[in-house]
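> Attaching a single structure in structure tokens format; questions to follow.
The values are calculated or read from the model by the stated rules, or taken from the named source; none is laboratory data. Note that the coordinates shown come from a computational prediction; the quantities given were computed from them, not determined experimentally. Please note: Cβ atoms are built from the backbone with ideal geometry, for glycine as well, and neighbour counts cover all protein chains shown.
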Amino acid sequence: MFLEGLQADLTTQPVDPACPKLGQYLMASMGSLPDEVLRILFLDASYRLIADEQLHHGSVRQLELYPRTIFRRAIEHGATGLILVHNHPSGDATPSENDIVATRRLSDLGRSLDIEIVDHIVVTATHAQRVAASGRIGSDRAPACAHVLRDNPGSGGGGQQQSASTALANARRAYKRRQFRRELIGSPKLFGEPAWDMLIDLFIHESEGKKVATSALCLASTAPPSTALRLVNKLCEAKLLVKIDDPDDGRRQFVELTPDTAARLENYFGADEGGMQEG
């Protein structure tokens, strides 16, 4: 009855991450789990709960994050706000540096989609701590590979690693086949698809945890530099890509796939035939 009462409060009024009742509910429902679990509260524009889902399951010490899955589910639900929740089996609810960096990374991605990361709550059986309360979500740029939540240093895995590995292998194969076709037949003006070349190149680099500058992405296409740059801008306008300023060099911008585009490409290249037959 205790849990049911707390859950009822969650579904009948706007969700406030600072509300003690929310902390009690999360501690009671997942604080004692033996492994790390990521849970997402999907909210509407009024901060009312749309859905409460467990998205990822990790190990005792580490949990892999998949931003494309998180934001794809948010888009499917029509959510405009997310509260991230995960547990620390160690019993220490203090957010780790990895937790904070991963939260910043998701916050940066969310802004490009008009989806707010409202807060990130870390729970144990007896305590709950909010990342936002420490003022450390901020807008600082985080590393592109900052997709891991950690309780204590250690190794862990994710259920989607095999699918991601297959997609990456197929994308690499597709890119090499396209290069070989150009070398063998030539005539890039007749057979070139610079936008597709850019998307494949960016997908490969992001899957490898590497950042790609706008200038480098332009070189990945068969188009002249000025044409390639216009194409990058068009892809951004179409919400397929997003530009992010380099915090260390104000003259440079990085380009990233939006989570939805990344998810679609992973599905395409992860299929049995999609990436294998690309030429």
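> Among the residues of the range 24-37, is there at least one that is touching a Leu at 6+ places or on another chain (Cβ under 6 Å) and more than 19 Å from A133 (Cβ to Cβ)?
Yes: one or more hits.
> Here's a check for you: in the range 180-214, which residue that is exposed (fewer than 11 other Cβ atoms within 10 Å of the Cβ) and in a helix (DSSP H, G or I) is modelled with the highest pLDDT? Please lay out each step first, then the result.
Of the range 180-214, the ones exposed (fewer than 11 other Cβ atoms within 10 Å of the Cβ) are 183-187, 189-190.
The next check asks that each one be in a helix (DSSP H, G or I); those that pass are 183-185, 189-190.
Working: E183: 66, L184: 61, I185: 63, K189: 62, L190: 60.
By that ranking, first place goes to E183.
> Are any of the residues in the range 225-233 outside the structural domain of G110 (by TED's automatic domain parsing), touching a His at 6+ places or on another chain (Cβ under 8 Å) and either surrounded by fewer than 16 Cβ atoms within 10 Å (Cβ to Cβ) or closer than 22 Å to P67 by Cβ (or both)?
No, the range 225-233 contains no residue that is outside the structural domain of G110 (by TED's automatic domain parsing), touching a His at 6+ places or on another chain (Cβ under 8 Å) and either surrounded by fewer than 16 Cβ atoms within 10 Å (Cβ to Cβ) or closer than 22 Å to P67 by Cβ (or both).
> Looking at the structure I just gave you, is T80 crowded, with 18+ Cβ neighbours inside 10 Å, under 21 Å from the mean Cα position of the chain (by Cα), at pLDDT 90 or above and farther than 18 Å from V123 by Cα?
Details: crowded, with 18+ Cβ neighbours inside 10 Å: yes; under 21 Å from the mean Cα position of the chain (by Cα): yes; at pLDDT 90 or above: yes; farther than 18 Å from V123 by Cα: yes.
Considered against the rule, which asks whether it is crowded, with 18+ Cβ neighbours inside 10 Å, under 21 Å from the mean Cα position of the chain (by Cα), at pLDDT 90 or above and farther than 18 Å from V123 by Cα, T80 comes out as yes.
> Here are P14, P67: which of them is touching a Lys or Arg at 6+ places or on another chain (Cβ under 7 Å) and not assigned by TED's automatic domain parsing to the domain that holds P259? It would help to see each step written out before you state the result.
Values: P67 fails: touching a Lys or Arg at 6+ places or on another chain (Cβ under 7 Å).
When all the criteria are applied, what remains is P14.
> It is to be established whether one or more residues within the range 249-264 are crowded, with 18+ Cβ neighbours inside 10 Å, at pLDDT below 90 and over 17 Å from the mean Cα position of the chain (by Cα).
No, there is no match, as no residue in the range 249-264 is crowded, with 18+ Cβ neighbours inside 10 Å, at pLDDT below 90 and over 17 Å from the mean Cα position of the chain (by Cα).
> Of these, E36, E97, which one is under 24 Å from the mean Cα position of the chain (by Cα), within 20 Å of H127 (Cβ to Cβ), modelled with pLDDT under 90 and buried (at least 20 other Cβ atoms within 10 Å of the Cβ)?
Answer to the selection: E36.
> Could you say whether any residue in the range 119-134 is out of contact with any strand residue (DSSP E or B) (no Cβ under 7 Å at 6 or more places or on another chain), touching a residue at least 40 places away in the same chain (Cβ under 8 Å) and among the acidic types (D, E)? Reasoning before the result, please.
Of the range 119-134, the ones out of contact with any strand residue (DSSP E or B) (no Cβ under 7 Å at 6 or more places or on another chain) are 125-127, 133-134.
Retained after the next criterion (residues that are touching a residue at least 40 places away in the same chain (Cβ under 8 Å)): 125-127, 133.
Then drop every residue that is not among the acidic types (D, E), which leaves none.
No.
> Moving on. Among the residues of the range 215-245, write down those that are part of a loop (DSSP other than H, G, I, E, B) and closer than 19 Å to E266 by Cβ.
Across the range 215-245, the qualifying residues are A220, A238, K239, L240.
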